[in-house]
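The values are calculated or read from the model by the stated rules, or taken from the named source; none is laboratory data. Please read all numbers here as calculations on a predicted model, not as lab measurements. Because the Cβ atoms are built from the backbone with ideal geometry, glycine has one as well, and the counts that use them run over all protein chains shown.
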């Protein structure tokens, strides 16, 4: 299957698929015309990568998860540990984002707005 059709089936951009191929995350065969061609297992791997990226996993984590997925002798504990580590990072980011939200809310609440040049947000950022 050609890359344009793969993009439609996986929800990935052609650019992302090419990048994943270039970094060795996925391997496509080359036809006689030089175009990359993908079969069903590669499409399933791309869908898996896409979903993993939507969950915020890094490309290195996606590589590890894909290797684990393809390894029928895998230990589920390895998968769980990888996901658990990612969950901890997400939780840390949420805490930082909540602090950022509180700071921004305070700035917005302190600003009187209107058509005058005095702005507490600008003053606080200066």
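General observations
- Of the residues making up the stretch 56-82, just one is within 14 Å of the chain's Cα centre (by Cα), farther than 18 Å from residue 17 by Cβ and surrounded by 14 or more Cβ atoms within 10 Å (Cβ to Cβ), namely 61.
- Subset of the stretch 111-126 [assigned to a helix (DSSP H, G or I) and out of contact with any helix residue (DSSP H, G or I) (no Cβ under 7 Å at 6 or more places or on another chain)]: 122, 123, 125
- Residues of the stretch 35-89 that turn out to be more than 27 Å from residue 15 (Cα to Cα) and part of a loop (DSSP other than H, G, I, E, B), as a count: 5
- Verdict on residue 47 being loosely packed, with under 12 Cβ neighbours inside 10 Å and modelled with pLDDT of 95 or more: no
- Flag for residue 108 being in a helix (DSSP H, G or I), within 17 Å of the chain's Cα centre (by Cα) and not assigned by TED's automatic domain parsing to the domain that holds residue 10: no
- Residue list for the stretch 1-34, restricted to those being assigned to a strand (DSSP E or B) and either in contact (Cβ under 8 Å) with a residue 12 or more places away in the chain or under 17 Å from the mean Cα position of the chain (by Cα) (or both): 2
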